[in-house]
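Read-outs: derived from the displayed coordinates by stated rules, not from any lab. Treat the numbers as computed from the prediction; the structure is a model and nothing was measured. In this analysis, Cβ positions are derived from the backbone assuming ideal geometry, glycine residues included, and neighbour counts consider all displayed protein chains.
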C-alpha cells in the first residue's frame, strides 16, 4: 500500500485549500517530519507554519485504532463486523421509522471519500441529507462568479487563476478575514506582487498584516457590500493583469452578492477570462472544493449537477450501480436537531458548525450517531458506533485545491491498529446497509468518479502530476440556483440607525483553526495557535481601543452587550486594528453571542460596563 | 598541501567504492525523489547516488538531529519510573554533502559540545563520517564565500571529493576519512602534483564565479552589535514575514527544539522535536507574558543570533554558512541576504 520504500514521500498538505505539496519524511519506516518540495508547482519549496507540522497530529494525537460500539452507556471495543452490523441495523430501524438520517462529509477528506459519502447517503441510505461544514459560504462565492461566457454552457470558465498569476498582477483586490493566517501561500503571492510594485486593495473587518501593506484599505463588514473607491475601480480597469481574491467569511447570501459584484466588475473591465488575470475564491479547508464537487451538498448531484439533470442522474446511477435518491435535503446546520441519526465522516462538529458548542447538546440527543475518523474527538466520544479510519498521511486519494488542481495524496505509513482507509470503510458501511460494493480498489472508485463527473475523469487520469478541473457556466448556474445554506436574515438593515443601539456587533467568519483536530492534536500548532476557546474559557467580544476607552473598560473587563433580540455579559479584548463603532465576535465564540445575534451576522447593539 | 593527504580514484570505480562503504555503514546521499526533487536518503544501491545535482533543500542536520527524535524511554517499574536512553548507534556516512553543510555540521558539533554536552548528538556525530563534494561552480542562491564556508574547504571534512575529469580527487581530512579508503585500497592512488594544481585552479575559478560583490557580514555585524539598527526596521520587516519558521527549520546552523512525551507501551517515549524561535508561542511564559509577542521582535531575534558579535564570540563563527536555503524557503521576503542588506543600509522596502 505504501508508494515506495524511500524516506521521502510526496503528498499534499492537509490544512488549507492552497494545495501546497510536501514530503513526508520517514525514518525506520515511521513518519518523523516533513520537508518542502522545491519543484512542486504550487509551493515551490515553501510551507507555512501549519504545513511544517503536518505530520504532528497523526503522530501525536489520540488516534482511533479500533471499532467501538455503545451497547450500554460506554463505548467498548468491537470487531468491524459487530460495529458495521450494529450501524446497519440501527440505521435501518430509524429509517423505517420515518425519521431522517443525515450524512456529513468533510473538507478534510479526499475526493474518493466524499464521493463515497454522497453514495452512502443518496445511494445506500436513500437520504437526501448530505452536506459538509463550511460548504455554504464557499458555494455562495462560487455561485456569484460570472457565468456569462461566449463559449457555451459546458466550456470551462477560462480564468487562469494560479498563485503565480497573482504574484505577477499589477492590481490586487483582496476580500479577507486575515489571509496571512488563513491562506499563507496566497498571502505570499501577494507579498511578491507588492514587492515588485503592485497595488493592493484590501477589503475586510480589520487592518491586518496585508492591509498594512496595502495601497488602500476599505474597512468592510461581513454582510455588507463595500463601496469601491473610484480610484480603485480605474486602477483595476487600467491594469493589464489584475487579481481578485475572495477568502470567505460567513453570511452566505451576502457572500453571493459580494462575489457577483466583483465578477461583474471583472466582466465590465475586460478582465474576465483574460490570461494573467485572476478571480479566485478560497475556501477554508484543503478539500472543500472537492467535497462540493463530489456531491457532498444537499442541493446538487456530484459534478455540481442539478438534482433534476437527467444525464447526470443516469451517469450517477451507472457509476453507483443503483438508484439515486435525488430530492433536495437539509443542510448541515439544519441536520443538527433536524435528523434522528447522523453519519459523520472526519469532522469535529462543534469546531466547524455555525452553531458551535451548542451543537453538542443536539448531538447528545441523536438516536444514533456513527462517526468515522482517525482522531478521537468530542464528536467521536458521543458516537454509538465508531469506525476508525486512516489519517491523510496514511491513505491514498486526491484533493482538489482552490485553484482546481486535483493532486494525489500518497500514504507514508500504514493506518494504525485496525483502522481502514476511509474509502474502504465507507464502502463496507454502504454494503452492510444493502448497497453492495462494486468497487474493489481505489482505482475502481476513481473510475467511478470519472464516469459520474467527466471533468474528473481527465484530472484523475492525468498521472503523477495530477490534473486540474475548471468550473463551467452550467455548474456556476446550478450552484446559484440552489440556496447555499440555512437562510439567515443577513440582509443588512440600511434604515435609520436606532440611537438606543449605536454600535454594531458582527460575527467574524474567520475559521478558528485552533479547534480543528489537525491543529489541536499537534504539539507545536496547539501551542502557537491555541484556540481562543481554550485561552478564554469565559468567551470574549472584541472592540476597538477608542470604544474601550470611551466605555471606561480595559482588556479582560466585562461588558453587557444588548440588541433588540437579547443580551449577554462577557469579557472584552481590545483590538487596535478595527474601526470604532464595531464589536467583533470571533468564530470560536459565535454560540456565546447567540442570545444577542440570533441567526444574524450583524446586529445593532448597545454596550455598557457590566 | 601535503601530498600524502590526497589520493584519486577513477570515476568508473566510484560505484565499487560506494558498494563497499554501504556494506559497513548506512550511506546517505542525494537521491531523486517523487516530485522531481533531490533529497538526502539512505541508499540501498550505489546507482541511487546523484553525482550531478543541486544541493538538496533539506539540510543534512536531520541525520544528527531528526525532526522527531526519541531520546529516552520511560518505563513503569512497579510504582517507580525507569528511564532508559535510546541510543542510536548506527554508523552513517553523509556522502557528497557540500562544503556549506560540512561547515554547518561542525558548527552544530561545537554548539552541542559546549556547556552541557549533548549525549545524543555526540553519539551520532562520533559514528558519522562527512564526505563532501566540493562545488566547482556557485549555486544560484549561495553565498558561502561570505561565510568562509565554501565553495571548497581546507578542513572540517573527513574526506573532500573534487571532480577532475575522469578521476575524483579525495582529500583526506581525518583518520575517520582515511578509514573509508581502507574498504577498497586498490581503487586509490596518490594524487599527483598536477592533480593538486588542477584542484587549486578549480577552486579559484569557483570563487571567481561568485562575482565582484564584497561580502557584507562584517559591516552588518558591526551595525547590529552596536545598536545601530532602528527598532522600526524590524517592525516593518515583520510585516513581510508570514512566520512559517522555514528559515530556522531549513538552516544548517539552527538547532532549537522542544521536548514532548509520547505515550507508548504503558510508559512514555520522551522525544526531541524541531521548534522555531519564529513561532509566536516559542517564548510564551507560564505567566502569560511573551517577551517576543510582536513578529518583528522574533525576526530581530533570529538575525541577532545569526549575525551579532556576541554570538560570534561565543560560538567562534558567524551563524550562517551561505547555503542560500533560507532564500528558497522563505514564505515572505525576509531571507538572510535581504536582511543583511537592510541592516547595512538601514532601509527596508519589502
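Structure summary
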| quantity | calculated |
| --- | --- |
| Sorted by Cβ neighbour density within 10 Å, fewest at the top, the residues A:542, A:594 | A:594, A:542 |
| Cβ-based exposure ranking for A:268, A:364, A:579, B:171, in which fewest neighbours within 10 Å come first | A:364, A:268, A:579, B:171 |
| Whole-angstrom gap from region A:466-483 to region A:58-77, using each part's C-alpha centre | 39 Å |
| Translational diffusion coefficient (Stokes-Einstein; Kirkwood radius from C-alpha pairs) of region B:140-192 at 10 °C, 1.306 mPa s, in µm²/s | 125 µm²/s |
| MRE, 222 nm, helices only [DSSP H, n ≥ 4, -39500 (n - 2.57), over the protein assembly as shown, to nearest 500] | -8500 deg cm²/dmol |
| Virtual paramagnetic centre 7 Å along Cα→Cβ of residue B:137, amide N under 18 Å, in region B:46-71 | B:51-56 |
| Antiparallel bridges, percent of DSSP beta bridges restricted to chain B (to nearest 5) | 80 percent |
| Hydrodynamic radius of chain B per Kirkwood, over alpha carbon pairs, in Å | 21.9 Å |
| Relative contact order (%) - chain B, alpha-carbon pairs under 8 angstrom, separation at least six | 21 percent |
| Order of A:512, B:347, B:179, A:113 - criterion: other Cβ atoms within 10 Å of each residue's Cβ, fewest first | B:347, B:179, A:512, A:113 |
| Range of Cα positions in region A:503-609 per principal axis (Å), largest first | 40, 29, 21 |
| Per-pair calculated FRET efficiency, R0 = 25 Å: residue B:349 and residue B:50 via Cβ, rounded to 0.05 | 0.05 |
| Size-normalised alpha-carbon gyration radius of region B:96-244, reference 2.2 N^0.38 Å | 1.32 |
| FRET efficiency estimate (nearest 0.05) - Cβ-Cβ, residue A:414 to residue B:15, R0 30 angstrom | 0.30 |
| 18 Å reach of a label modelled at residue B:265, 7 Å along Cα-to-Cβ, counting backbone N of region A:14-40 | A:28-31 |
| Dimensions (Å) - region A:160-263, Cα atoms, principal axes, largest first | 34, 29, 26 |
| Isotropic mean projected area of the C-alpha convex hull, region A:1-153 (nm²) | 14.6 nm² |
| Cα→Cβ-extended label distance, 7 Å offset, between residue A:565 and residue B:309, nm | 6.3 nm |
| Antiparallel bridges, percent of DSSP beta bridges restricted to region A:503-609 (to nearest 5) | 65 percent |
| Cβ-derived FRET efficiency at R0 41 Å, residue B:283 paired with residue A:195, nearest 0.05 | 0.90 |
| Rounded to 5, percent antiparallel among DSSP beta bridges of region B:55-162 | 45 percent |
| Volume per residue of the C-alpha convex hull in the protein assembly as shown, rounded to whole Å³ | 186 Å³ |
| Alpha-carbon centroids, region B:174-248 and region B:14-74: separation in whole Å | 21 Å |
| Taking region B:1-138 and dividing mean pair separation by its residue count, relative contact order in percent (alpha carbons under 8 Å, at least six apart) | 22 percent |
| Simple label model, 7 Å out from Cα along Cβ direction - residue B:81 to residue B:181, nm | 5.1 nm |
| Relative contact order of chain A, defined on C-alpha pairs under 8 angstrom at six or more residues apart (%) | 20 percent |
| Separation of alpha-carbon centers, region A:332-399 and region A:554-610, rounded to whole Å | 29 Å |
| 5 Å-binned pair-distance histogram of region A:565-610 (Cα, whole percent) | 5, 18, 32, 30, 14, 1 |
